[in-house]
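Before any comments, here is the structure.
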Amino acid sequence: MRYELLEHTADVMIKAHGSELEECFANAAYALFDQITDVSKVGRSEEVRFVVSGHDNESLLFNFLSEFLFIHDAKHLLLSEFHVKIKGTSLQCTAKGEKFDPKRHDYRHDVKAITYHMLEVNTEEPSVTVILDI
């Protein structure tokens, strides 16, 4: 299971799992886009690459997911495949997806922001938990 939805009163709370922290981050990105649209209908014809940094794992996760919201808003891209490499407080990501096509992609939620509220990176489990402001 890549991720699960957790109970939250107004927003969407996800917990992403993986065998290592990099996979958890990738699955959190997958969950983000799966809340925006049905990711199974998103192709992989376009690629984006970026690097983000943070002062700890939580800020790294926040900056990572926030970068995806910026890419989605600015370039109208939906992403469905994520490759993440974490080195210290820096993260490199390559993601694949395609432009939004209203004939094939239905919006589930308009995700406005990633929140710090209850954001957690658990390196022992490993998992990440984040609330998406919708």
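The values are calculated or read from the model by the stated rules, or taken from the named source; none is laboratory data. Keep in mind that this is a model prediction, so the values were computed, not measured. Neighbour counts are summed over all protein chains in view; Cβ atoms, including those assigned to glycine, are modelled from backbone coordinates with ideal geometry.
Data overview
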| item | result |
| --- | --- |
| Region 102-124 - residue that is surrounded by 13 or more Cβ atoms within 10 Å (Cβ to Cβ) and part of a loop (DSSP other than H, G, I, E, B) and, of those, farthest from the chain's Cα centre (by Cα) | Arg104 |
| Subset of region 69-82 [more than 14 Å from the chain's Cα centre (by Cα) and among the aliphatic types (A, V, I, L, M)] | Ala74 |
| Qualifying positions in region 83-101 - buried (at least 16 other Cβ atoms within 10 Å of the Cβ), under 14 Å from the mean Cα position of the chain (by Cα) and over 19 Å from Ser40 (Cβ atoms) | Val84, Leu91, Cys93 |
| Boolean, Ala95 is assigned to a helix (DSSP H, G or I), at pLDDT 95 or above and either among the small types (Gly, Ala, Ser) or touching an Asp or Glu at 6+ places or on another chain (Cβ under 6 Å) (or both) | no |
| Pick from region 5-52, criterion part of a loop (DSSP other than H, G, I, E, B) and within 19 Å of Asn122 (Cα to Cα), ranking: farthest from the chain's Cα centre (by Cα) | Glu7 |
| Some residue of region 1-10 being surrounded by 14 or more Cβ atoms within 10 Å (Cβ to Cβ) and among the β-branched types (Val, Ile, Thr) | no |
| Any chance Ile86 is farther than 15 Å from Ala31 by Cα, modelled with pLDDT of 95 or more and of a type outside the set (Ser, Thr, Tyr) | yes |
| Residue within region 70-86 that is of a type in the set (Val, Ile, Thr), touching a Cys at 6+ places or on another chain (Cβ under 6 Å), more than 16 Å from Ile131 (Cβ to Cβ) and not in a helix (DSSP H, G or I) present | yes |
| Flag if Leu65 is under 19 Å from Ile114 (Cα atoms), among the hydrophobic types (A, V, I, L, M, F, W, C) and assigned to a helix (DSSP H, G or I) | yes |
| Candidate set from region 125-134 (those that are aliphatic (A, V, I, L, M) and part of a strand (DSSP E or B)); member that is surrounded by the fewest Cβ atoms within 10 Å (Cβ to Cβ) | Ile131 |
| Filter pass, Glu58 being surrounded by fewer than 20 Cβ atoms within 10 Å (Cβ to Cβ) and either among the polar types (S, T, N, Q) or part of a strand (DSSP E or B) (or both) | no |
